[in-house]
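J.: Okay, here's the structure, questions in a sec.
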Amino acid sequence: MTSKPLLHVVAATALCLAGTARAHFQLLYVDDTALPRAHPLELAAVFTHPFNGGPTMAMGTPRVFTHIDPHGERTDLLKALRPVHWQSRDNQANAYRLSLPREAVRTLGDHTFLLEPEPYLEAEEGLYIQQFTKLVINVGGVPGNWSEPQGMPVEIQPLSKPYANWTGGVFRARVLADGKPVPFAKVEVEYLNNDLDLQRNAFGATAHVRAPQASFNVQSMYADDLGIVTLGLPRAGWWGIAALDIGMTKTYNGKTLSQDAVLWVQATDMR
């Protein structure tokens, strides 16, 4: 029989783990990741709490924003980013937008976008957060390099196509730091619970789902001993996956630095 002191320890540990969930997600958004044909793209980079539609944190100037085409050619898009004021449910904060012409994604296959943001000071926790974020879109249904690591300091490597998931399916990915798997990495998953109004640079006012209790807002899990994480996709839309504090660099400006890896996955209903 479990002793009462042990129960107290377990309960205290559970509370501590629950308290470490930040729910901060670097969003990298485009309307659709599976394009029948090339067309102009509008992207948004917002640092926010996706399930609650805010609050949104002010982004500094990104350090890296790269497009990798189906042939593996890299294009620096930093100068194409434009700052905007993003309106969330609770506040307005600095974010970034990007408009890409059709010619930029006219090649059939996989197009990968990589974002390295400036570290963000989370004053309440006394630490910096830097979320290396990846988004993969496909043009024309031609399979490509969606599963290849892209050399980021921390990264989530898809083991399933991130743009071709039926609602109710299972998605798998591997957590990497310096190109190597991270066993038992702590992972958070969050649903993008509001539409994005790219005309207004704002979240839509109406949430898609209502959580029965606050612990449902952020799904927490651990990767396995090979760094692999497996999750279900119970609803159509966008799912953010973040592996927390896995980077080799642990300090910035004299404070603790959490280098996280983020991947965005889209699920689609069968019709």
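J.: What's the magnitude of the charge dipole for the chain around its Cα centre, counting Lys and Arg as +1 and Asp and Glu as -1 at the beta-carbon? Answer in Debye, nearest 20.
T.: Taking the Cα centre of the chain as origin, the dipole is about 220 debye.
J.: How much length is gained on full extension from Glu118 to Lys255, taking 0.36 nm per residue of separation minus their Cα-Cα distance?
T.: Details: separation 137, 0.36 × 137 = 49.32 nm, distance 1.44 nm.
Computed gain between Glu118 and Lys255 is 47.9 nm.
J.: Using alpha-carbon positions, what is the distance between the centroids of the range 126-159 and the range 227-271, in Å?
T.: What the calculation gives is 10 Å, centre to centre.
J.: What base-10 log of the normalised intensity I(q)/I(0) is obtained for the range 36-98 from the Debye formula, alpha carbons as equal point scatterers, at q = 0.16, 0.23, 0.24, 0.29 Å⁻¹?
T.: Treating every Cα as an identical point scatterer, log10 I(q)/I(0) equals -0.63, -0.96, -1.00, -1.19.
J.: Sticking with this structure for a sec: In degrees, nearest 10, range 0 to 90: what is the angle between the Cα axis of helix 4-19 and the longest Cα principal axis of the chain?
T.: Tilt of helix 4-19: around 20 degrees.
J.: In addition: Among Gly144, His111, Gly126, whose Cα sits farthest toward the positive end of the charge dipole of the range 109-160 (+1 at Cβ of Lys/Arg, -1 at Cβ of Asp/Glu, about the Cα centre)?
T.: Gly144
J.: Once a ≥ b ≥ c are taken as the square roots of the eigenvalues of the Cα gyration tensor of the range 23-268, is the result rounded (a/c under 1.5), prolate (a/b larger than b/c) or oblate (a/b not larger than b/c)?
T.: In terms of gyration-tensor shape, rounded.
J.: Quick check: residue separation of Arg235 and Asp32 times 0.36 nm, minus the Cα distance between them. What number comes out in nm?
T.: 71.5 nm
J.: Only loop residues by DSSP count here, and only those with at most 12 other Cβ atoms within 10 Å; note down the chymotrypsin sites (Phe, Trp or Tyr not before Pro) in the range 160-266 that meet that.
T.: Numbers: sites: Tyr163, Trp166, Phe171, Phe184, Tyr191, Phe203, Phe216, Tyr222, Trp238, Trp239, Tyr252, Trp264; in loops: Tyr163, Phe184.
When the chymotrypsin sites (Phe, Trp or Tyr not before Pro) of the range 160-266 are filtered for loop state and at most 12 Cβ neighbours within 10 Å, Phe184 remain.
J.: Kindly flag which residue pairs out of Lys186/Lys255; Lys134/Lys180; Lys134/Lys255; Lys134/Lys186; Lys180/Lys250 have an alpha-carbon separation exceeding 24 Å in this structure.
T.: On the way: Lys186/Lys255 21 Å; Lys134/Lys180 17 Å; Lys134/Lys255 26 Å; Lys134/Lys186 18 Å; Lys180/Lys250 17 Å.
Beyond 24 Å: Lys134/Lys255.
J.: List the residues of the range 223-255 whose backbone N lies under 15 Å from a point placed 7 Å from the Cα of Trp166 along the Cα-to-Cβ direction.
T.: 233-236
J.: To continue, here is another question. Of all DSSP beta bridges in the chain, what percent run antiparallel (nearest 5)?
T.: Values: 67 of 80 bridges.
Here the antiparallel bridges make up roughly 85 percent for the chain.
Any read-out appearing in this document is the output of simple, stated calculations on the displayed coordinates, not a laboratory observation. Keep in mind that what you see is a predicted model, and the values were worked out from it rather than measured. Cβ: placed from backbone, ideal geometry, glycine included. Neighbour counts: every protein chain shown.
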